[in-house]
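Below you'll find the structure, written out as structure tokens, and then a few comments.
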Amino acid sequence: MLEALPLPHSFESRIGTAVLRRAVVDDADAVIALLADDPISAARGDVASDEDRPVYAQALTEILAEPSNDLLVVELDGAVVGTLQLTSIPGMSRRGARRLLVEAVRVHSGLRSSGIGSAVMRWVGEAAAPAVGASMVQLTSDAARTDAHRFYERLGYVGSHRGFKYNVPQA
């Protein structure tokens, strides 16, 4: 966990007051559902099947145990409606700059355009990054997520690099 993060954090959205907080193991099912609620994630296998639950629960346990990682959830009226993972990465480039990596940003499909995602991403740049000593926030976004790209650009993120992935063959 990134202990220095200023959490929990309450914020206003267009549909009410929400709270950003650290995930706990009991949030696994809600996070799995948010991943499956996204068509691109679902196409990659995030379909919220019961047989996959143990691997997700193990991943969440590992994330929460790793000091440089954290998984956060957004609660609205007692329900988990959003999530994101943060990883603090020390670096050699840019004069030893620390980066805060943002992954798996999801807001429930029925609540998109409510201001939740914008508020969370502003908090990342304005509160979380400074709290962990990061001079840069970075994220990658699937090339097919054109709406997400516009969203990040509206918030001041710049598409400055081209990312590559290599899928490791599984035995």
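The numbers here are math on the coordinates, done by the rules we state, and not lab data. Worth saying up front: this structure is predicted, and the values here are computed from it rather than measured. For neighbour counting, all protein chains shown are included, and Cβ atoms are generated from backbone atoms with ideal geometry for every residue, glycine included.
Okay, here's what the table says:
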| quantity | calculated |
| --- | --- |
| Tensor-based shape of the chain (alpha-carbon gyration tensor, a/c under 1.5 rounded, otherwise prolate or oblate) | rounded |
| Residue-by-residue Karplus 3J(HN,Hα) for region 106-115, coefficients 6.51, -1.76, 1.60, Hz, glycine and proline x | 9, 10, 3, 4, x, 10, 5, 6, 9, x |
| Cα centroid separation, region 108-171 to region 23-62 (Å) | 19 |
| Vicinal HN-Hα couplings computed from phi for region 82-95 (Karplus, 6.51 cos²θ - 1.76 cosθ + 1.60; Hz; Gly/Pro x) | x, 7, 6, 10, 10, 9, 8, 10, x, x, 9, 6, 6, 6 |
| Residue order, fewest to most surrounding Cβ atoms within 10 angstrom, among M92, M121 | M92, M121 |
| Calculated FRET value between V55 and S160, using beta carbons and R₀ = 41 Å, to 0.05 | 0.80 |
| Sequence-separation-based contact order of the chain, relative, with Cα cut under 8 Å and 6+ spacing, percent | 21 |
| Structure-based [θ]222 nm, the chain - -39500 (n - 2.57) summed over DSSP H runs of at least 4, per residue, nearest 500 | -8000 deg cm²/dmol |
| Amide H contacts of R98 (H built 1.01 Å from N, under 5 Å, at least 5 apart or other chain) | G91, S135 |
| Region 163-168 - phi-based ³J(HN,Hα) in whole Hz, Karplus 6.51/-1.76/1.60, Gly and Pro as x | x, 10, 9, 10, 7, 6 |
